[in-house]
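**Student:** Before anything else, here's the structure in question.
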Amino acid sequence: MEDCIFCKIIKGEIPSKKVYEDEDVLAFHDINPAAPIHILVIPKKHISKLTDLKEEDEALIGKIYTTINKIAEQEGFKENGYRVIANCGKDSGQEVMHIHFHILGGKVLGDKIVG
Ligand code: 5GP
Ligand code: ZN
């Protein structure tokens, strides 16, 4: 998708601090971290919003979660854990219209909205 900043990061047109990459998934540090660990995990396929997901994307979304665990192991925060947040649409405040999963960690996270 031409005007999508995350597609530009995938293509290397915008630099990023990469954490993990394979044929389907890319992970990189958030430019404006909200926690000591703040990594964004994105599919290489452009999907604007979670509400645009189709049945054909089910394996991809599953892969994103197992990839998050690989990243947690690689980066050394698997044992302490992490929080995953995915914003969707206007009410969530989604800013970048390419689905992404925020991994937050590196400290005890407060401000639980649910739970
Ligand atoms: P959203 O609010 O859409 O869930 O989150 C978008 C996230 O993308 C924000 O946390 C923001 O800091 C991050 N972000 C926006 N532009 C860039 C960029 O060019 N590079 C990186 N690494 N992160 C970005
Ligand atoms: Zn995109």
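**Student:** In region 15-46, whose amide N lies under 17 Å from the spot 7 Å out along Cα-to-Cβ of Ile5? List them in ranges.
**Tutor:** Correct set: 15-18, 27-35, 38-43.
**Student:** Expected output is a single nm value to one decimal: the length gained when fully extending between Ala59 and Lys44, i.e. 0.36 nm times separation in residues minus the C-alpha distance. What is it?
**Tutor:** Values: separation 15, 0.36 × 15 = 5.40 nm, distance 1.35 nm.
Working it through step by step, the gained length comes to 4.1 nm.
**Student:** Then there is this: Which residue, Met97, Pro33, Ala59, has the largest displacement toward the positive end of the dipole of the chain when charges sit on each Cβ (Lys, Arg +1; Asp, Glu -1)?
**Tutor:** The residue sitting most towards the positive pole is Pro33.
**Student:** Please determine, in degrees from 0 to 90 and to the nearest 10, the orientation of helix 58-75 with respect to the longest principal axis defined by the Cα atoms of the chain, where the helix direction is its Cα long axis.
**Tutor:** Computed tilt is about 40 degrees.
**Student:** Test of understanding: what is the full-extension gain from Gln74 to Ile14, defined as 0.36 nm times their sequence separation minus their Cα-Cα distance?
**Tutor:** Numbers: separation 60, 0.36 × 60 = 21.60 nm, distance 2.41 nm.
Stretched fully, the Gln74-Ile14 segment lengthens by 19.2 nm.
**Student:** Two decimals is fine: what is log10 I(q)/I(0) at q = 0.12, 0.19 Å⁻¹ for the chain, from a Debye sum with one equal scatterer on every Cα and no solvent?
**Tutor:** Each listed q maps to, in turn, -0.41, -1.08.
**Student:** Cα centroids of region 1-15 and region 54-115: how far apart, whole angstrom?
**Tutor:** Cα centroid to Cα centroid, the span is 20 Å.
**Student:** Report, in listed order, any pair from Lys18/Lys45; Lys18/Lys49; Lys18/Lys44 with a Cα-Cα distance greater than 19 Å.
**Tutor:** Numbers: Lys18/Lys45 17 Å; Lys18/Lys49 22 Å; Lys18/Lys44 13 Å.
The answer is Lys18/Lys49.
**Student:** I've got another one for you. In the Gaussian network model of the chain, springs joining C-alpha atoms below 10 Å, which of Lys49, Lys11, Lys70 carries the largest mean-square fluctuation?
**Tutor:** Lys11
Since every read-out is calculated from the coordinates, none of them should be taken as a lab result. The structure displayed is predicted, hence computed values, not measured ones. Cβ atoms come from the backbone with ideal geometry, glycine included; neighbour counts cover every protein chain shown.
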